[in-house]
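Bear in mind these aren't lab numbers, they're just calculated from the coordinates by the rules spelled out. Just so you know, these numbers come straight off a predicted model, no measurement behind them. For neighbour counting, all protein chains shown are included, and Cβ atoms are generated from backbone atoms with ideal geometry for every residue, glycine included.
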Amino acid sequence: MKQIQAYIKKRKLNDVVRALRKVKNITGMSVMDSDGYGLGWTLNSTSEQEMLSGVKIEVFCCDETVEDVISAIEQAAHTGLKGDGKIYISSVEQAVRISTGERGENSV
């Protein structure tokens, strides 16, 4: 199983959600507002990085679906401009569905 975290521009959220709904075997996603900065952004007058608003999307899926999820996010979030976002992929050791006690990929 994998955890996919994508940080994107807020204005691209609807496009990304529509793209992810078309990916087979995706059972859900979480969306959270996020604020942050990345290297390369200009410094403000107080020498601190300016925080930018964005959205974090989190998807858990089986290994076979990872590339489809990444491609969907990448294509839907792409504008070609600086700050389009980042996608991170992590391995997940175990998942448990609380309501049934089901474990593993079937619980996702």
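What to note about this one:
- Efficiency of FRET from Cβ geometry, Glu93 and Asp33, R₀ 35 Å, rounded to 0.05: 0.80
- Integer Hz, Karplus 6.51/-1.76/1.60 couplings in order for region 19-25, x for Gly and Pro: 5, 5, 5, 7, 7, 5, 6
- Computed from label points 7 Å out along Cα-Cβ, the spacing between Asn14 and Leu81 is 1.7 nm.
- Given 13 as the ceiling on other Cβ atoms within 10 Å, longest exposed-site-free region of the chain for trypsin sites (Lys or Arg not before Pro) in DSSP loops: 25-81
- Relative contact order [Cα under 8 Å, 6+ residues apart], the chain, whole percent: 42 percent
- Think of each Lys and Arg Cβ as +1 and each Asp and Glu Cβ as -1; about the Cα centre, that makes the dipole of the chain roughly 380 debye.
- Set of lysines with alpha-carbon distance to Lys82 below 20 Å, sequence-local pairs under 8 removed: Lys9, Lys10, Lys12, Lys56
- Computed from phi, the 3J(HN,Hα) profile of region 53-60 under the Karplus parametrisation 6.51, -1.76, 1.60 (θ = phi - 60°) reads 7, x, 9, 10, 10, 10, 10, 10 Hz, with x in place of Gly and Pro.
- Values [x] 76, 19, 8; [y] 23, 18, 12; [z] 30, 16, 11 are given for comparison; semi-axes √(5λ) of the Cα gyration tensor in Å, derived from the coordinates here, is the one labelled [z].
- Applying the Karplus relation 6.51 cos²θ - 1.76 cosθ + 1.60 with θ = phi - 60° to region 5-10 yields 3J(HN,Hα) values of 10, 10, 10, 9, 6, 4 Hz, where x marks Gly and Pro.
- Sorted by Cβ neighbour density within 10 Å, fewest at the top, the residues Asp63, Asp15, Asp84, Asp35: Asp35, Asp63, Asp84, Asp15
- 9 Å beta-carbon shell around Ser30, net charge (K/R +1, D/E -1): 0
- Acute angle (nearest 10 degrees) that the helix 66-77 long axis makes with the longest principal axis of the chain, alpha-carbon atoms: 30 degrees
- Cut-off of 10 Å, at most 14 other beta carbons, DSSP loop: longest stretch of the chain lacking such chymotrypsin sites (Phe, Trp or Tyr not before Pro): 42-108
- Residues whose placed amide H lies under 5 Å from that of Ala95, excluding near-sequence neighbours: Gly104
- Largest mean-square fluctuation among Ile70, Ile89, Ile98, in a Gaussian network model of the chain whose springs join Cα atoms under 10 Å apart, belongs to Ile98.
- Built amide H within the under 5 Å cut-off of Gly85, gap 5+: none
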